[in-house]
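Colleague: Okay, here's the structure, questions in a sec.
The values are calculated or read from the model by the stated rules, or taken from the named source; none is laboratory data. Remember, it's a predicted structure, so these values are computed and weren't measured experimentally. Here Cβ is always computed from backbone atoms with ideal geometry, including for glycine, and neighbour counts include all displayed protein chains.
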């Protein structure tokens with residue numbers, strides 16, 4: 001039994017580090033002239049977590065999220081958050097980057113594990129969230145384009161980005 005636990009822990013560590021590395025590469029590609037990129041785990045305070053989950057109507061997968069603070073060459077700060085949302089049966093790992101005014105700057109699907117619905121990885125679909133904030137309308141079908149055959153993924157990613165748009169204020173506040 002102990003061997004099985006060690007094997008599972010080892011495998012999860014390898015997959016987790018691959019996702020972190022892929023995310024970091026994604027950020028470095030987006031900011032090739034960055035001054036610094038600082039990665040850390042952000043433990044979401046329980047009261048904030050509960051409030052955000054109730055407002056966004058979506059739970060966080062874990063009590064913490066991976067975050068990056070990016071200092072660009074033009075002295076602007078950007079904040080990246082890596083999160084998971086539930087697809088039809090498997091998690092979808094996505095990255096959202098915010099500018100220092102808490103507006104969505106960039107989104108990317110880091111790992112899509114479902115057989116169908118991968119169209120949510122499209123840059124055109126993800127770009128519709130650019131400049132969104134916590135006060136933007138996130139209504140699928142009206143403000144957000146729906147994708148036939150990807151209804152669950154579309155709704156999950158939309159709620160996930162909205163959820164992070166509430167969390168970003170606290171992350172920025174703690175990094176000032």
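Colleague: Scan region 41-55 residue by residue and report those that are loosely packed, with under 12 Cβ neighbours inside 10 Å and farther than 13 Å from residue 170 by Cα.
Modeller: Within region 41-55, 41, 54 qualify.
Colleague: To continue, here is another question. Considering only region 111-129, state which residues are under 25 Å from residue 169 (Cα atoms) and either out of contact with any strand residue (DSSP E or B) (no Cβ under 9 Å at 6 or more places or on another chain) or surrounded by 19 or more Cβ atoms within 10 Å (Cβ to Cβ) (or both).
Modeller: Answer for region 111-129, where residues must be under 25 Å from residue 169 (Cα atoms) and either out of contact with any strand residue (DSSP E or B) (no Cβ under 9 Å at 6 or more places or on another chain) or surrounded by 19 or more Cβ atoms within 10 Å (Cβ to Cβ) (or both): 125, 126, 129.
Colleague: Restrict the check to region 130-149 and report whether at least one residue is surrounded by 15 or more Cβ atoms within 10 Å (Cβ to Cβ) and out of contact with any helix residue (DSSP H, G or I) (no Cβ under 9 Å at 6 or more places or on another chain).
Modeller: Within region 130-149, not a single residue is surrounded by 15 or more Cβ atoms within 10 Å (Cβ to Cβ) and out of contact with any helix residue (DSSP H, G or I) (no Cβ under 9 Å at 6 or more places or on another chain).
Colleague: Of all residues in region 135-172, which are assigned to a helix (DSSP H, G or I) and free of Cβ contacts under 8 Å to residues at least 60 places away in the same chain?
Modeller: 151, 154, 155, 158
Colleague: I need a count of the residues in region 75-91 that are at pLDDT 95 or above and either closer than 22 Å to residue 119 by Cα or surrounded by 23 or more Cβ atoms within 10 Å (Cβ to Cβ) (or both).
Modeller: Residues meeting the conditions: 6.
Colleague: Give me a count of the residues in region 58-79 that are without any contact (Cβ under 8 Å) to a residue 40 or more places away in the chain, in a strand (DSSP E or B) and under 16 Å from residue 94 (Cα atoms).
Modeller: 1
Colleague: While we're here: Looking at residue 106, is it touching a residue at least 24 places away in the same chain (Cβ under 8 Å) and either at positive phi or more than 12 Å from the chain's Cα centre (by Cα) (or both)?
Modeller: Working: touching a residue at least 24 places away in the same chain (Cβ under 8 Å): yes; either at positive phi or more than 12 Å from the chain's Cα centre (by Cα) (or both): no.
No: the conditions fail for residue 106.
Colleague: If you don't mind, there's one more thing I want to ask. Confirm whether residue 26 is within 15 Å of residue 160 (Cβ to Cβ), in contact with a strand residue (DSSP E or B) (Cβ under 6 Å, 6 or more places away or on another chain) and touching a residue at least 12 places away in the same chain (Cβ under 8 Å).
Modeller: Values: within 15 Å of residue 160 (Cβ to Cβ): no; in contact with a strand residue (DSSP E or B) (Cβ under 6 Å, 6 or more places away or on another chain): yes; touching a residue at least 12 places away in the same chain (Cβ under 8 Å): yes.
Answer is no for this residue.
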